[in-house]
1. Is it fair to say G480 is in contact (Cβ under 8 Å) with a residue 40 or more places away in the chain and at positive phi?
2. Could you please find all residues in the stretch 199-232 being within 30 Å of E394 (Cα to Cα) and buried (at least 18 other Cβ atoms within 10 Å of the Cβ)?
3. Let me confirm something: among M379, M321, which residue is buried (at least 18 other Cβ atoms within 10 Å of the Cβ), of a type in the set (A, V, I, L, M) and in contact with a Phe, Trp or Tyr (Cβ under 6 Å, 6 or more places away or on another chain)?
4. Sort out which residues of the stretch 44-92 are over 18 Å from A17 (Cα atoms) and hydrophobic (A, V, I, L, M, F, W, C), and write them in order of number.
5. If I filter the stretch 79-93 for residues that are more than 23 Å from L154 (Cα to Cα) and touching a residue at least 24 places away in the same chain (Cβ under 8 Å), do I get at least one hit?
6. Conditions first: (1) loosely packed, with under 13 Cβ neighbours inside 10 Å; (2) within 24 Å of the chain's Cα centre (by Cα). R164 passes all but one, so which condition is the exception?
7. How about the stretch 375-396: which of its residues are under 29 Å from K198 (Cα atoms) and out of contact with any strand residue (DSSP E or B) (no Cβ under 8 Å at 6 or more places or on another chain)?
Amino acid sequence: MKKQNETPRGMTFRLKANLNCSSSLSGTESEIKVFVDACNTDLLKRGAPQGCGANILPQWQVSDENFEMEIDSDRFVRAHDALLRFNKEFSKVIGKHHIGIRGVELEDYKITLEWSDEDWFKNEQLAKLQKLPFVKSITQSKKEGGKMLLELDLDIDESALYKRIPDRLIRLLEDKRDAVRWKGKSEHWELLFESDKKPFHFDKDPTEEMLKRDWLRHAAGRGQYIYGPQITKIFRALEKILLDELCTPLGYNEMIFPKFVAWDVWKRSGHAKGIYPEAYYVCTPKTRDPEYWEDVMDYFKVTNEVPVDMIMGKIENVGGMCYAQCPPFWVFLQGKILPDEILPIMVYDRSGTSHRYESGGLHGIERLDEFHRVEILWMGTKQQVIDHAKLLQEQYRHIFNDILDIEWREAWVTPWFMAQEGKAGLAELKEAGTIDYEAVLPYSGKWLEFQNVSVNGDKYPTGFSVKLQSGEDLWSGCSGVGLERWAAVFLAQKGLDADKWPEKFRSIVGELPEVFRFL
């Protein structure tokens, strides 16, 4: 059976290039012919199975200061790799004549991907593919079993080849193909456990009721609330339960993670592949010189309006606000080697807010742009991380059943990023992946995901070059506890009147303060 992300069953590459030299190549033709023949029998076959590799086609020619060539290849030695190999050694050959290579021009580059019959892109999907960077055109032929023809933009230069742009484009197309195979689903869901049915004491949206009671207010920003003393005390009670019942017994230590995330962090964590529609961006002034900003300040003083368009030309983007809480932690370990005897390591962060642009999905305190979260993170050997995830699951069950007394269920999900990164097999074995905790909202009848436990495999240690002294793979996991989500679930089922809450929870919260009154 074909696995997710498997290399297509065949690829062919056809590349036309022109090597611009510093002097005329006249008189070197016979020497170049010997060199080209040697490349076709050895240099461009290295690392490939017998009978495979790249070939320089016979119609190569020397034209004054130019060497014009065409390379045909398979996936074992791709034409752009063959060109770089050839260029390096060719410079040595003509260097004997005191001739150098000034640059490499690509005149044409076509890549054919021979995919299986079921790997089809719809017309609207193909139209989107035409907008991919460095792509001149993409076509797919149903008559030829799904064969995809990719023609690269001639703006690709030698530096782009060294950056392996063609390989990354192929990988991107494979990812998009696999997304179609998954039929647009972001994850696969499998029910693991359901709690007993619980009595509900409420049938209203708790956010709307808290607004009526002045427990919270919409803030000036979108998807953002100002929390009054009552709901804040509930948040702190939930946080105390988490620390007393889970973090402290399991040996966690508190850290403080940055809430501004630089681009390099998201590149290493993998979030830079798709975070853009949901990120809150952070920009810095190009300079602190007041004169540089004087026109902006003058405009505001005259109009009493902030000139956003003028500001945009005077700032530069440096990253974003915290999106997923754990990536910036890994800079603490980046490039380090850890002794095995200190494992497993368990830490948590509760120092600030997270930010996601939720677009049209905003609703109450459970779906926000700005929210409060405790991030739990652990690392160790593969088995240590898997075993610790089971301990977390046990403690969460205890909290949800014995203290909050809510109706909930537990499901195994395979996140799309795991399939995208070739780790779907780990998820199928339930070694890496995510367990989601969902609770029913009586006022709507819908289930809300309010908690998770994720085993991320070696994703973050690999991205941030963190290794173990023994050479064994370092694994990690994370579990984000959203205080708003916990509160939304609890209050939706139990209501806002404390006398209907479970006794254990009521004793932890204590009396709710009444601070503000409005006339």
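1. Spelling it out, it is not the case that G480 is in contact (Cβ under 8 Å) with a residue 40 or more places away in the chain and at positive phi.
2. Applying the first criterion (within 30 Å of E394 (Cα to Cα)) to the stretch 199-232 yields 199-203, 205-207, 230-232.
Within the stretch 199-232, F202, D205, P206, T207, Q230, I231 meet the criteria.
3. M321
4. A48, C52, F76
5. Within the stretch 79-93, one or more residues are more than 23 Å from L154 (Cα to Cα) and touching a residue at least 24 places away in the same chain (Cβ under 8 Å).
6. Of (1) loosely packed, with under 13 Cβ neighbours inside 10 Å; (2) within 24 Å of the chain's Cα centre (by Cα), only one is false for R164: (1).
7. Within the stretch 375-396, K390, L391, E394, Q395 qualify.
Table: residues versus (1) closer than 29 Å to D203 by Cβ; (2) not in a loop (DSSP other than H, G, I, E, B).
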position	(1), (2)
E449	yes, yes
V455	no, yes
D473	no, no
C478	no, yes
V481	yes, yes
W486	yes, yes
D499	yes, yes
R517	yes, no
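The values are calculated or read from the model by the stated rules, or taken from the named source; none is laboratory data. As the structure is a computational prediction, the values presented were derived from the model and not from experiment. Backbone-built Cβ (ideal geometry, glycine too); neighbour counts: all protein chains shown.
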